[in-house]
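Enquirer: Right, I'll just put the structure down here and ask away after.
Derivation of every value follows stated rules applied to the coordinates shown; laboratory data play no part. Everything quoted here is computed from the prediction, not taken from an experiment. All Cβ positions, glycine included, derive from the backbone under ideal geometry; neighbour counts span all protein chains shown.
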Amino acid sequence: MERRISGHTQLYALIGSPVGHSGSPAMYNYSFEKLGIDAAYLAFDVPVDKTKDAIDALRTLHAGGFNVTMPCKTATAQIVDRLSPAAELVGACNTVVFEEDGTMTGHMTDGTGFVRNLNEHGVDIKGKKIVLLGTGGAATAIAVQAALDGVAEIAIFNRKDEFYANGEKTVEKIRKAVPSIQNVYIEDLDNTELLGQVIGQSDILINATRAGMSPMEDVIPVPAEFLRPELAVADVVYNPKETLLVKKAKEAGCCAAVGGSGMLLWQGVAAFELFTGQEMPVEEVREKFF
Ligand code: NAD
């Protein structure tokens with residue numbers, strides 16, 4: 001490290017809270033070193049009310065860009081100078097690039113990371129009918145990217161909790177911004193009968209809720225009997241590495257059973273490319289850190 005950091009080393013950062021558990025510094029610093037890029041990546045614990053102060057500081061220090069995690073993603077989208085189409089629709093960004101003129105562009109790579117991970121597992125979403133569980137941050141990014149990437153139908157299911165209204169807004173935004181989509185709607189996740197029917201007519205089931213995440217490892221977001229071989233199943237939850245949903249999807253012989261760690265990897269790959277214009281050494285990063 002002491003030989004790698006110079007007087008010219010460019011700073012990249014992660015802001016949000018908490019950040020202590022983040023794997024991003026290891027993944028980015030390894031890639032900088034591997035590709036001979038004179039840059040370093042640090043994580044900074046930033047509460048939401050300090051988002052603007054942190055961004056001003058990074059600009060003052062001529063950082064190249066930064067990633068944003070909860071709870072600062074929405075606040076950041078309101079501060080940057082422009083947003084990518086996906087970030088605009090989601091209303092949040094997880095990657096910000098400082099352009100040469102000092103302005104900031106906000107991107108949302110969670111959705112692209114999710115889709116890329118599905119592609120890596122042989123699942124193409126174009127023209128497909130998907131059932132998306134969840135209306136929080138991850139689910140919104142996925143719904144928007146899936147719509148932009150040309151899915152035929154998105155059926156969103158969520159509990160009638162404090163996140164439900166956000167799902168209704170997402171449906172409206174997608175209908176307006178992507179009129180070519182055949183159908184997008186939201187229903188109550190507790191309507192198990194309807195959920196079963198809709199999954200029965202769909203190609204891909206995505207869990208983007210917290211169900212199944214540690215310490216809820218024994219929770220499965222849909223009854224296992226809804227899973228069938230023609231259905232591709234993907235979970236965004238990456239802790240535990242194999243969720244109960246993914247395990248049951250494998251047991252049911254689903255044509256794909258995809259965990260959440262790949263989404264984490266590929267959203268990072270997309271951000272790295274936005275920062276540096278170069279491809280992360282994906283296979284080595286996957287082997288070392290995932
Ligand atoms: P969030 O707090 O924004 O949204 C939570 C969602 O989960 C809401 O839709 C809520 O209604 C639902 N929910 C919570 N408990 C539930 C339960 N017991 N049953 C059914 N639904 C429930 O969270 P988020 O940021 O969208 O994260 C959701 C999950 O996605 C987390 O496990 C997170 O770690 C994971 N995630 C993964 C990646 C990745 O790269 N793989 C990226 C972002 C988030």
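Enquirer: For residues in the stretch 240-290 being farther than 20 Å from residue 124 by Cβ and among the aromatic types (Phe, Trp, Tyr), which is surrounded by the most Cβ atoms within 10 Å (Cβ to Cβ)?
Expert: Checking each candidate, the answer is 272.
Enquirer: Same structure, new question: State which residue pairs qualify: first residue within 10 Å of residue 207 (Cβ to Cβ) and touching a residue at least 40 places away in the same chain (Cβ under 8 Å) and inside the stretch 234-256, second residue in a helix (DSSP H, G or I) and of a type in the set (S, T, N, Q) in any location, beta carbons under 9 Å apart, and separation of 6 or more residues or different chains.
Expert: Every condition considered, the pairs that remain are 234/117.
Enquirer: In the stretch 201-227, which residues are away from the ligand (no atom under 12 Å from the Cβ) and hydrophobic (A, V, I, L, M, F, W, C)?
Expert: 204, 205, 224, 226, 227
Enquirer: Sticking with this one: Exactly one of (1) in contact with a helix residue (DSSP H, G or I) (Cβ under 6 Å, 6 or more places away or on another chain); (2) outside any loop (DSSP other than H, G, I, E, B) is unmet by residue 225. Its number?
Expert: (1)
Enquirer: Within the stretch 148-164, track down each residue that is of a type outside the set (D, E, K, R) and either within 11 Å of the ligand (Cβ to nearest atom) or surrounded by 23 or more Cβ atoms within 10 Å (Cβ to Cβ) (or both). Reasoning before the result, please.
Expert: Filtering the stretch 148-164 down to residues of a type outside the set (D, E, K, R) leaves 148, 150-152, 154-158, 163-164.
151, 154, 156, 157, 158, 163, 164, listed by residue number.
Enquirer: Let me ask something else. Has the stretch 33-47 got at least one residue that is within 30 Å of residue 195 (Cβ to Cβ) and either more than 16 Å from the ligand (Cβ to nearest atom) or in contact with a strand residue (DSSP E or B) (Cβ under 9 Å, 6 or more places away or on another chain) (or both)?
Expert: No: zero hits.
Enquirer: Within the group 233, 198, which residue is on the phi < 0 side of the Ramachandran plot, outside any loop (DSSP other than H, G, I, E, B), away from the ligand (no atom under 13 Å from the Cβ) and crowded, with 23+ Cβ neighbours inside 10 Å? Quick ask: steps written out before the conclusion?
Expert: Details: 198 fails: crowded, with 23+ Cβ neighbours inside 10 Å.
The match here is 233.
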